[in-house]
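Engineer: Below are the structure tokens for one structure; questions will follow.
Please treat every number below as a calculation from the coordinates, not as lab data. These numbers were taken from a predicted model, which means no experiment stands behind them. Counting neighbours? That spans all protein chains shown, and the Cβs are built from the backbone with ideal geometry, glycine included.
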Amino acid sequence: MTATVQVAPDGEPLASGHAFPAGFVWGAATAAYQIEGAAHDDGRGPSIWDTFSRTPGRVYAGHTGDVACDHYHRYADDVALMADLGLAAYRYSIAWPRIQPDGTGPVNPRGLDFYDRLTDELLGRGIDPVVTLYHWDLPQTLQDRGGWTVRATAEAFADYAAIVHAKLGDRVSTWTTLNEPWCSAYLGYASGQHAPGIQDPASAFRAVHHLLLGHGLAARALRAAGARSVSITLNPAAVFPLDPANPADAAAARIVDGLQNRIFLDPLLRGSYPDDMREHMTRFTDLSHVRDGDEAIIQAPIDVLGVNFYTPAYVSAQPGTPAAPEYPGTEGVAFRPPVGPVTDIGWQVEPAALTRLLDRLHTDYGVPLLITENGAAYPEGPAADGEVHDAARIDYLDGHLRACLDALAHGVDLRGYFAWSLLDNFEWAEGYQMRFGLVHVDYTTQKRVLKDSAKWYREVIRRHGLTGRARIGA
């Protein structure tokens, strides 16, 4: 037996098993409504989040994304920060209301021009643009016509995807259709916690289908236009029964896994909804909106599956427990409160759950994977020395990157990692109170300060690995 030790560029040893494979992509992610601001500039139309954030009681302290991080005007400086961190790729979303203010019809060239400039700025800095076409900011006009509960929105989304590709497709190789359709469907239409704020399970299940149909139609449109890599990003949950030996807990976990994971993964990668989820949906709505041939459209081939991960879920059977609003039909299912360390938003920190999730996705679905979001909210701001010392975030990121290394060691085809988020930003219903950024943003002055976590991430990227005690191997 001999010790195998790799050496980082600065001479510090990288333990065997702490280096990432060649070609592993390092990035960071944002979303349009969360950072751009400029809500009324250059012909942008209103989105459901403009409407929702102006509705009293919906968003913390009445915050809106009107200004956010003013990225629309400061994008060049923000790209310079990305280059300073050594990012190989940047995942950003396109604001549909900037491109088609009413969701259909005439294209707004000034909106497209912004993303044209941003894309060129990234490429000029050697950063690969990774585009997400939909990160929750549906044009309000489409919502007025039924939003994701109607088929026309899915069809409009495919047209919009083709418009954006026609502008950027010569420079953007990786296209993600949707970000977290679970949130769009269940938080938007079942619990009402997110825009458009509807509380109707039947609408939520119709939205699930039309979001997936929109993905399939957009994927076809992108392929036809010559897109090289097509993806969708989900937020699959690591769902565990509180007592794995208890059949009732296992059944409870299966229901939650069905609603969070299989209802999306199975039609996307196996070509049909799971039988138990079909039966579950019929408790709330008939399936007349699921037409013959739809599931074949949804199964349009993807090149990589985006995975957003933050925290696990532990569930048990507890008769009499009301259904969680964001999980329609889960009466009798209890979600265990977080235990151990939690982030500022109250999410349990358990990196090993990410490994288990990646292993499961690899085993059950066999698709290449990309961590498209992973990060943590912590409140630290500038200290007396002007720096932001966020050791807890470093611990969180380090632990989850080690979880990725463990999955890679198990043979999982994991292609890269995008930290959430590049910047502190408008965190949806939480407003500006939750800070996920590697970069601190003073929302009054718009001053950016690299947090200690950003400097740590820069070193991880430079080394292409983590430091630690050497592992002994053959």
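Engineer: What tally of residues in the stretch 48-101 results from selecting those that are assigned to a loop (DSSP other than H, G, I, E, B), at positive phi and out of contact with any Lys or Arg (no Cβ under 7 Å at 6 or more places or on another chain)?
Structural biologist: Looking only at that region, the number is 3.
Engineer: Now, a different point. Any residue in the stretch 119-142 that's in contact (Cβ under 8 Å) with a residue 40 or more places away in the chain and farther than 25 Å from residue 47 by Cβ: show its pairings with residues that are crowded, with 20+ Cβ neighbours inside 10 Å and of a type in the set (Phe, Trp, Tyr) at Cβ separation under 9 Å, as long as the two are six or more apart or on different chains.
Structural biologist: Cβ pairs passing all conditions: 127/90; 128/90.
Engineer: For the stretch 248-287, what are the residues that are touching a strand residue (DSSP E or B) at 6+ places or on another chain (Cβ under 9 Å), over 16 Å from residue 207 (Cβ atoms) and either surrounded by fewer than 19 Cβ atoms within 10 Å (Cβ to Cβ) or touching a residue at least 40 places away in the same chain (Cβ under 8 Å) (or both)?
Structural biologist: Those that are touching a strand residue (DSSP E or B) at 6+ places or on another chain (Cβ under 9 Å), over 16 Å from residue 207 (Cβ atoms) and either surrounded by fewer than 19 Cβ atoms within 10 Å (Cβ to Cβ) or touching a residue at least 40 places away in the same chain (Cβ under 8 Å) (or both): 248, 249, 250, 251, 252, 253, 254, 255, 256, 265, 269.
Engineer: If the requirement is being closer than 30 Å to residue 196 by Cβ, part of a strand (DSSP E or B) and touching a residue at least 12 places away in the same chain (Cβ under 8 Å), which of these qualifies: 418, 436, 426?
Structural biologist: It is 418.
Engineer: While we're looking at this one, here's another question. Among the residues of the stretch 141-163 satisfying the criterion of being assigned to a helix (DSSP H, G or I) and of a type in the set (Gly, Ala, Ser), which is nearest to residue 209 (Cα to Cα)?
Structural biologist: Only one residue fits best here, namely 154.
Engineer: Taking strands (runs of 3 or more DSSP E) that fall entirely within the stretch 268-358, which contain at least 3 residues that are aliphatic (A, V, I, L, M) and within 20 Å of residue 234 (Cβ to Cβ)?
Structural biologist: So the answer is 304-308.
Engineer: Follow-up question, since we're still on this one. For residue 431, work out the one condition from (1) over 30 Å from residue 368 (Cα atoms); (2) over 20 Å from the mean Cα position of the chain (by Cα); (3) surrounded by fewer than 19 Cβ atoms within 10 Å (Cβ to Cβ); (4) of a type outside the set (A, V, I, L, M, F, W, C) it doesn't fulfil.
Structural biologist: Exception for residue 431: condition (2).
Engineer: From the list 415, 402, 393, pick out the single residue that is farther than 19 Å from residue 345 by Cα, of a type outside the set (Phe, Trp, Tyr) and touching a Phe, Trp or Tyr at 6+ places or on another chain (Cβ under 8 Å).
Structural biologist: From the options 415, 402, 393, the qualifying one is 415.
Engineer: Continuing with the same structure: Which of the following residues is within 28 Å of residue 174 (Cβ to Cβ), buried (at least 16 other Cβ atoms within 10 Å of the Cβ) and not hydroxyl-bearing (Ser, Thr, Tyr): 315, 333, 290, 304?
Structural biologist: 304
Engineer: Of the numbered conditions (1) surrounded by fewer than 22 Cβ atoms within 10 Å (Cβ to Cβ); (2) touching a helix residue (DSSP H, G or I) at 6+ places or on another chain (Cβ under 8 Å), residue 408 satisfies every one except a single condition; which is it?
Structural biologist: (2)
Engineer: Among what's in the stretch 412-426 and is closer than 20 Å to residue 464 by Cβ and of a type outside the set (A, V, I, L, M, F, W, C), pick the residue that is surrounded by the most Cβ atoms within 10 Å (Cβ to Cβ).
Structural biologist: Only one residue fits best here, namely 417.
Engineer: Which residues, counting only those in the stretch 359-402, are part of a helix (DSSP H, G or I) and more than 24 Å from residue 231 (Cβ to Cβ)?
Structural biologist: Scanning the stretch 359-402 gives 391, 392, 393, 394, 395, 396, 398, 399, 402.
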